[in-house]
1. So which residues in the range 329-339 are in a loop (DSSP other than H, G, I, E, B) and out of contact with any helix residue (DSSP H, G or I) (no Cβ under 7 Å at 6 or more places or on another chain), if there are any at all?
2. Identify all residues within the range 110-120 that are open to solvent by 10 Å² or more (accessible area, probe 1.4 Å) and in contact (Cβ under 8 Å) with a residue 12 or more places away in the chain; write none if there are none.
3. Out of the residues in the range 356-382 meeting the condition of being open to solvent by less than 60 Å² (accessible area, probe 1.4 Å) and in a helix (DSSP H, G or I), tell me which one is nearest to residue 322 (Cα to Cα).
4. Please count how many residues of the range 85-106 are open to solvent by 30 Å² or more (accessible area, probe 1.4 Å) and under 13 Å from residue 70 (Cα atoms).
5. Among the listed residues 32, 60, which satisfies the condition of being closer than 30 Å to residue 119 by Cα and not charged (D, E, K, R)?
6. Inside the range 294-321, can you point out the residues that are open to solvent by less than 10 Å² (accessible area, probe 1.4 Å), out of contact with any helix residue (DSSP H, G or I) (no Cβ under 6 Å at 6 or more places or on another chain) and either of a type in the set (D, E, K, R) or in a helix (DSSP H, G or I) (or both)?
7. If you go through the range 157-170, how many residues are out of contact with any Lys or Arg (no Cβ under 7 Å at 6 or more places or on another chain), open to solvent by 10 Å² or more (accessible area, probe 1.4 Å) and touching a residue at least 24 places away in the same chain (Cβ under 8 Å)?
Amino acid sequence: MTGFIPYGRQLIEADDEAAVLSALRSDYLTQGPATAAFEKDIADFTGAKFCVAVSSATAGLHIAMAALALPSGEGITSPNTFVATANAMIYNGLDPVLADIEPDTFNLSPVAAEAAITDRTRLIAPVHFAGLPADMEAFAALAGDRGLTLIEDAAHAIGSDYASGGRVGNGRFSAMTVFSFHPVKSMTTGEGGAITTNDPALYERLMMLRSHGITRDPARLTDPPGTWWYEQQVLGFNYRMTDFQAALGTSQLRKLDRFAARRRAIIARYRTALSDLSWLALPHDAGDQRVCYHLFVARFDFDALGRTRAEVMAALAAEGVGSQVHYIPVYRQPWHTGLARDAMQQFPANEDYYARCLSLPLYPAMTDDDVEQVIAAVRGLA
């Protein structure tokens, strides 16, 4: 055994350290030129016209929805997501409405989302779970026919391509796309996130909302008496990214394609080594679609193994292999329990998925020996 292998972790290399040190030695620690450079890099990478870096993906979801200035109503999203997606709706006066997932991709089902639309629906927020993009062509058609806004929760999907081609975040299907750069994601800035958009008006609003609603732009000021003048024109937030975080992000972004390739290679080895296990269902295979996978979520038949999920996780941990559950459904959280009157009836696909899911280790710093250790531990469960 080579040591404990967590389900995910960052890969920080010498050039990342040098980039952060350079920023720390510069004149800017908080938001400055490195942040602007990182935003340009993300926009260029995704193919979007604009990018706004923020302190977290949660902050990004919050101000992306706030920038729309929607009237009170409802927003539709997936129950198979971190709670931030639904929480951001509540922050903005929208009631979250959950719709079931597709049983193969674990993403929000366009059919279920369509059934959840009412005259109070204002937006749909598909989640690109585990890095595999949701069916954005279907969601774009669905939203366009009804005058609804789309915001992509792409916290897992930086570096992935849509099924029809083009990078996630290019603005082809939605008003805005939100990314996460948490350490277990495909690239990291420590904590941090970003929003991409092709709409210049939304871009200007996002820039103000992330920094207290304040502007120094002379063209936007009412009657500036001097160069010191600034104005708070909307109620905003302190959601800025630091320059040393942005410097790390720029360094990591340069290596994202390499990171993604290593993730795909690990998954290919898992598929070869674990596909014969009758009590294990491997995740959806995207084929030739270029996906930067954030998670490798297998589904275990715990009854066939004669063990509970907790017992399986403990057995894997005893062999030095970490695992995690992604995710406890949003409607099972105490704050959100009112979102599901009968989970089995409302969300049968999500309930079936949740009953069996377990994420196995996946990150680019894994060695081939680490991968084999995971495989041996999983095969040893039976």
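1. Going residue by residue through the range 329-339, those that are in a loop (DSSP other than H, G, I, E, B) are 329, 333.
Scanning the range 329-339 gives a single hit, 333.
2. Filtering the range 110-120 down to residues open to solvent by 10 Å² or more (accessible area, probe 1.4 Å) leaves 110-112, 114-120.
Across the range 110-120, the qualifying residues are 110, 112, 114, 115, 116, 117, 118, 120.
3. In the first step, residues of the range 356-382 are kept if they are open to solvent by less than 60 Å² (accessible area, probe 1.4 Å); the result is 357-366, 370-371, 373-375, 377-378, 380-381.
Still in the running and in a helix (DSSP H, G or I): 370-371, 373-375, 377-378.
Numbers: 370: 11, 371: 12, 373: 11, 374: 9, 375: 12, 377: 10, 378: 11 Å.
Top of the filtered list is 374.
4. Taking the range 85-106 first, the residues open to solvent by 30 Å² or more (accessible area, probe 1.4 Å) are 87, 90-93, 95, 97, 102-104.
Next, from what is left, pick out any that are under 13 Å from residue 70 (Cα atoms): 90-93, 95.
Matching residues across the range 85-106 total 5.
5. On the way: 32 fails: closer than 30 Å to residue 119 by Cα.
From the options 32, 60, the qualifying one is 60.
6. Residue satisfying the conditions is 312 alone.
7. Selection size over the range 157-170: 4.
The values are calculated or read from the model by the stated rules, or taken from the named source; none is laboratory data. Because the structure is predicted, anything quoted here is derived from the model rather than measured. For neighbour counting, all protein chains shown are included, and Cβ atoms are generated from backbone atoms with ideal geometry for every residue, glycine included. All accessible areas refer to the heavy atoms of the entire protein, side chains included, with ligands and DNA or RNA removed. Shrake-Rupley method; radii C 1.70, N 1.55, O 1.52, S 1.80 Å.
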